[in-house]
Ligand code: DGJ
């Protein structure tokens, strides 16, 4: 064989390798973290088995009968694809405005060819010198003379040389996003997918795979329908395939046309903390816009849970004034300021102020800024109410199917962003609000899913249009802090984070139920990206009571805000919040940008400063879990001071925090309701 057959890219401390077999049809990828040369033995060729051979990407039309990664209807209608390795090619990045990882340090491109059907399949891998993460995307090029249909395109396929792995997926619904489910997969196919037009609250695109010696985290830089399949069979190997969901996908490619997949990412490490830290560095340094990637984020006060739609100009100003007194830095005016909106039945699309409610926005913003606060405002630009001037003038802007009654979710319809006139309208509406108010912050909401699908390309085109719109607005207003929101955290994905550096994690602000949502989100997204707010007690969603301290201790796992009516707080509560914010500001850099370790056997985290010399521990105990509290990340040879007690790193990691430090006996009576949180600061002894 005279072709080069081993290719590799570098990550922080591993090589990601591709080996092409002599027949050029087969190949495989593997991680080499000892920099030794690993050559995998050939598999037994059993004709009736599913994973017969090692292909880099699996198709229909070979002797592999597992879930295909790539599915093409050829010009003659056949569905069989046989790609052989053609040549190494120059790396081609995904083009703006489609989101993709930035600052890649190691890259490769490999071209495969289906000679019969005249199709190229290009595969691009990239590595990063500051984290163990591999990014991968693919491209299909029709170089024949006839139209083909692309039915499925993978972003990444990876085969593991082991079975009995644990596949974790993160599922839920509104206000209960990203609950973790660990499945031990001895055999069979598991699918994690969204079909509602967005990355969804139902099934996050992030998944986690645990093997004998490594933990892998996978994600897709995409905000639409996604699909991850995890399969294991009698060959004792396992396979993951990640990409745009093929269920509502059918992309025609005329002669000469091509289609590029979104980018998928794979992070890996020796345990979950290691995998997570790699993911955090990746998101922070390669996804988040440079304007915000290392910048401190303001403590915000948002009026939503404090007033809902029931406010006027004076109320807003009073709330802002009280927020400022407690140390708030940004005041956000949420839903209800526009059109004639006093509930959720009207006005989406009428993005001009309700003069009876809050007067003109320009002077309102000026008055709030004059208090020494930044000003932020809510908008839901992708939506339209039927009771709106916009709908009366342009019913054709709504996403409906002729002759079919549309589903109304939260009494609203989606705008058909694929239409250029709708894109123009959205860009102008958001720009206009920013020009009038000079807002420092926008909360961009999205409160329903897409039900009316126009074609096999439509949902993907919707996402492409959304990215065009977001990119245009951000280029016009690069210094405005955008927070993504989708009825809480229904669109918490790396596509949104590419444009908006933070996302509202969930509408669930009850600390007891929010802990699990944050814990899962933190596995793939760094603290600065997670909007986490203290709200009133009893909680509006669960009606559960909790102490202000517990609510604060849970909110500081991410990006701190308050979501309540500051005017209704008692003097004691205001004093407590003032102290909380002042403490937070002195630890903000560590809390937003430090190095996180999740606790080994409880919810909570240890967050170290970048130099690892000081930090914060937050422990979240549920009253049915009375474990000792083992920490991670402390150096076994060093000593640390907690609450004036000196303790060795060895003891902290192995035995846990002694109760004398916690000042806590771990008895049920000590839990405020069914939660007890403990916050501690520590420093390393010189
Ligand atoms: C859903 C969001 O998640 C809430 O925070 C709030 O902004 C409402 N929408 C407003 O309608």
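Taken together, the values in this text are just the output of simple stated rules run on the coordinates, not laboratory data. Being a predicted model, the structure only gives us computed values, none of them experimental. Backbone-built Cβ (ideal geometry, glycine too); neighbour counts: all protein chains shown.
Quick one: would you say residue 292 is more than 28 Å from residue 552 (Cβ to Cβ), touching a residue at least 40 places away in the same chain (Cβ under 8 Å) and either part of a helix (DSSP H, G or I) or away from the ligand (no atom under 16 Å from the Cβ) (or both)?
Against the criterion (more than 28 Å from residue 552 (Cβ to Cβ), touching a residue at least 40 places away in the same chain (Cβ under 8 Å) and either part of a helix (DSSP H, G or I) or away from the ligand (no atom under 16 Å from the Cβ) (or both)), residue 292 does not qualify.
Check residue 438 against each of (1) surrounded by fewer than 17 Cβ atoms within 10 Å (Cβ to Cβ); (2) within 16 Å of the ligand (Cβ to nearest atom) and name the one condition it does not meet.
(2)
For segment 552-581, what are the residues that are within 16 Å of the ligand (Cβ to nearest atom), outside any strand (DSSP E or B) and either within 29 Å of residue 279 (Cβ to Cβ) or within 23 Å of the chain's Cα centre (by Cα) (or both)?
Once the filter is applied, which keeps residues that are within 16 Å of the ligand (Cβ to nearest atom), outside any strand (DSSP E or B) and either within 29 Å of residue 279 (Cβ to Cβ) or within 23 Å of the chain's Cα centre (by Cα) (or both), segment 552-581 yields 555, 558.
Of the residues that sit in segment 484-496 and are closer than 22 Å to residue 286 by Cβ and either surrounded by fewer than 24 Cβ atoms within 10 Å (Cβ to Cβ) or within 14 Å of the ligand (Cβ to nearest atom) (or both), which one is nearest to the chain's Cα centre (by Cα)?
492
Regarding segment 435-443, can at least one residue be identified that is over 19 Å from residue 474 (Cβ atoms) and assigned to a loop (DSSP other than H, G, I, E, B)?
Within segment 435-443 (the criterion being over 19 Å from residue 474 (Cβ atoms) and assigned to a loop (DSSP other than H, G, I, E, B)), the answer is no, since none of the residues qualifies.
Condition test on residue 547, is it within 11 Å of the ligand (Cβ to nearest atom) and either surrounded by 24 or more Cβ atoms within 10 Å (Cβ to Cβ) or over 20 Å from residue 200 (Cβ atoms) (or both)?
No, not satisfied.
Return the residues of segment 630-649 that are out of contact with any strand residue (DSSP E or B) (no Cβ under 7 Å at 6 or more places or on another chain) and closer than 15 Å to residue 683 by Cα; say none if nothing qualifies.
Matches in segment 630-649: 635, 636, 637, 644, 645.
State all residues of segment 13-32 that are in contact (Cβ under 8 Å) with a residue 40 or more places away in the chain, under 27 Å from the mean Cα position of the chain (by Cα) and crowded, with 16+ Cβ neighbours inside 10 Å; if no residue qualifies, say none.
Correct list: 14, 16, 29, 30, 31.
Determine which single condition residue 275 fails, assuming it passes every other condition in (1) more than 25 Å from the chain's Cα centre (by Cα); (2) away from the ligand (no atom under 16 Å from the Cβ).
Only one criterion in (1) more than 25 Å from the chain's Cα centre (by Cα); (2) away from the ligand (no atom under 16 Å from the Cβ) is unmet by residue 275, namely (1).
Among the residues of segment 408-423, which ones are surrounded by 13 or more Cβ atoms within 10 Å (Cβ to Cβ) and away from the ligand (no atom under 16 Å from the Cβ)?
Matches in segment 408-423: 415, 416, 417, 418, 419, 422, 423.
Would you pick out the residues in segment 184-214 that are assigned to a strand (DSSP E or B) and either out of contact with any strand residue (DSSP E or B) (no Cβ under 6 Å at 6 or more places or on another chain) or free of Cβ contacts under 8 Å to residues at least 40 places away in the same chain (or both)?
If the condition is that a residue be assigned to a strand (DSSP E or B) and either out of contact with any strand residue (DSSP E or B) (no Cβ under 6 Å at 6 or more places or on another chain) or free of Cβ contacts under 8 Å to residues at least 40 places away in the same chain (or both), then 184, 188, 191, 192, 203 are the ones that fit.
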